1. Evaluate segment 21-32: report whether one residue or more is closer than 26 Å to PRO490 by Cβ and of a type outside the set (Lys, Arg).
2. Considering only segment 30-46, state which residues are under 18 Å from VAL99 (Cβ atoms), among the hydrophobic types (A, V, I, L, M, F, W, C) and in contact (Cβ under 8 Å) with a residue 24 or more places away in the chain.
3. Among the numbered conditions (1) within 16 Å of ligand 1 (Cβ to nearest atom); (2) buried (at least 24 other Cβ atoms within 10 Å of the Cβ); (3) of a type outside the set (Lys, Arg); (4) at pLDDT 95 or above, tell me where VAL456 comes up short.
4. Consider LYS368 carefully, then state whether it is more than 14 Å from ligand 1 (Cβ to nearest atom) and either at pLDDT 95 or above or not polar (S, T, N, Q) (or both).
5. Just the residues that are closer than 27 Å to TYR361 by Cβ and either not assigned by TED's automatic domain parsing to the domain that holds GLY286 or not aliphatic (A, V, I, L, M) (or both), please, taken from segment 244-272.
6. Within segment 391-410, can one find any residue that is of a type in the set (A, V, I, L, M) and surrounded by fewer than 18 Cβ atoms within 10 Å (Cβ to Cβ)?
7. When only residues in segment 205-231 that are among the β-branched types (Val, Ile, Thr) and in contact with a strand residue (DSSP E or B) (Cβ under 8 Å, 6 or more places away or on another chain) count, which is farthest from THR454 (Cα to Cα)?
8. Name the pairs: first residue in segment 489-502 and over 13 Å from GLN399 (Cβ atoms), second residue outside any strand (DSSP E or B) and of a type in the set (A, V, I, L, M, F, W, C), Cβ to Cβ under 6 Å, at least 6 apart or on different chains?
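The values are calculated or read from the model by the stated rules, or taken from the named source; none is laboratory data. The shown structure was predicted, so the numbers you read here are calculated from the model rather than taken from an experiment. Glycine gets a Cβ as well: all are built from the backbone with ideal geometry, and neighbour counts include every protein chain shown.
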Amino acid sequence: MSAPIAGVAGIAAVAVGAGLGELVGALVAPESRPFAVVGGALIDAAPSWAKDTAIALFGTADKIALLVGIGIVAIGLAFFAGWLQARRPPWGVVLVAAVGVAGAVVATTRADAGSLAWVPAAVAGGIGAVTLWGLIRMLRPREPVAADGPEPSRRAFFAVTGVAVGVGVLATIAASARRAGGAAVEAVRSALRLPAPAVAASPVPTGAELDIPGLARVVTPNDQFYRIDTAIIVPEVDPADWSLRIHGMVEREVVLTWDELLALPLDESWTTLACVSNEVGGTLIGNAKWLGYPIRSLLERAQPTADADMVLSRSIDGFTASTPLDVLTDDRDAILAVGMNEEPLPLEHGFPVRMVVPGLYGYVSATKWVTELEVTRFDRARGYWTDRGWSERGPIKLQSRIDVPRKQQGLKAGDTVIAGVAWQQHVGVTGVEVQIDEGEWMPARLATAISDDTWVQWSMPWTATVGDHLLRCRAISADGEVQTSDRAHPAPDGATGWHERFITVFE
Ligand SMILES: Nc1nc2c(c(=O)[nH]1)N[C@H]1C(S)=C(S)[C@@H](COP(=O)(O)O)O[C@H]1N2
Ligand SMILES: [Mo]
């Protein structure tokens, strides 16, 4: 039998196995669906340069890219298993079964594994192996080959192969539909009414929103807010099941339930979140009005011991962030947030509860789906990304970005505007300067900042002349620091350098 046909048998067998594994997973152990387990394990195993590259290449579509990558590798492996089973039975079947067993083992080691975590991968491996065995057996000639047309077993082979692929595809579709249809937590979320704030945030000051087309809005709508996390499947945490445990180096352990949290006086605050992976000029940053309870007040209840210097926050899916204790206990708005722009947190932004800490990159502060605060020391515990080569501390660096004129837009000569945003959360920005064609730095007009914890818009009128131009910007902080021109990559603690943009102006 030919290698391609045996390979197709392998792909069909793996398709039906994986599809049914996904479907069974959607029914009994949604967090442990085969693709999610493999994707999650790969994300956790990936070194920091791989995260960096993935985000640089695919941005917030990095997880879709990963799943496509896993799919391609799975197809290659399946083809090989088919070929192997035809050449050296039973090794193709053994390979498929072994991958299933390995998947089942990995599934049980994931942070969010339930007692049935091993089932989806076991189903996938089992069905894949049996199907492969049967398909390759059908291809073995047992009767004399008929004179005209393909032998009957071969026709049956193609029929069964087609059915297997079809079942695999349908099961995968059914699995995703089941997830969408079974979004019970989303229903809980949309029915939820958050309490009114005890202390409301000041409204967006007049003059904070310059309203320039193409310029990032000063308040980022939730559905446009960047999303970065290691979760292949967005965790679905029912508030009724949620609790937060504060433990470790504390005088007394504190456990807080959802109802207890909502009964506390909640404050609103404006904070601009930023990702350490944001390149100069990048868009992994957004500003929102958050509603939540000061972490400081919770820590007061728990009473950290004198030698503690860090809080390791942990999410339901095992992500951890190391936040300096003094940042969580000073007067800034470091909160356990339940609301984002006057709504409950969207699921992908950490529903029901996340941390928001002004001034620190998200990877050391903004734990979504948070369930645990362990008071500890930097020399005793490390956060998720620190284990992967990023710094244990991540204060946000002074940065600015040009939003308009846009790169793609063919600009016409004449009066126009250069505009963008600048930020250094919890320090504040006092100026932005613009340089055109390597000339003198000129002060831009700074919009009114909402607060030192948020980014600020800036603009500068420009009479654009025909030809190519190089625009640059740099920010000046409230500390008097001038944004450095030194270029640094995001790893290990945030990108630096000036954002620049080449613009061609037409007549
Ligand atoms: N549970 C969990 N929380 C997390 C992460 C994660 O991977 N898992 N990523 C962090 C990082 S790196 C960033 S930049 C912010 C992003 O928050 P957002 O997706 O709401 O914008 O979440 C942080 N909180
Ligand atoms: Mo991040």
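1. Checked against the condition, which is being closer than 26 Å to PRO490 by Cβ and of a type outside the set (Lys, Arg), segment 21-32 yields no hits at all.
2. Result: PHE35, ALA36, VAL37, VAL38, ALA41, LEU42.
3. If we test VAL456 against (1) within 16 Å of ligand 1 (Cβ to nearest atom); (2) buried (at least 24 other Cβ atoms within 10 Å of the Cβ); (3) of a type outside the set (Lys, Arg); (4) at pLDDT 95 or above, just (1) comes out false.
4. Values: more than 14 Å from ligand 1 (Cβ to nearest atom): no; either at pLDDT 95 or above or not polar (S, T, N, Q) (or both): yes.
No: the conditions fail for LYS368.
5. Those that are closer than 27 Å to TYR361 by Cβ and either not assigned by TED's automatic domain parsing to the domain that holds GLY286 or not aliphatic (A, V, I, L, M) (or both): ARG245, HIS247, GLY248, ASP267, GLU268, SER269, TRP270, THR271, THR272.
6. No, that holds for no residue.
7. Filtering segment 205-231 for residues that are among the β-branched types (Val, Ile, Thr) and in contact with a strand residue (DSSP E or B) (Cβ under 8 Å, 6 or more places away or on another chain), the one farthest from THR454 (Cα to Cα) comes out as ILE212.
8. Every condition considered, the pairs that remain are PRO492/TRP390.
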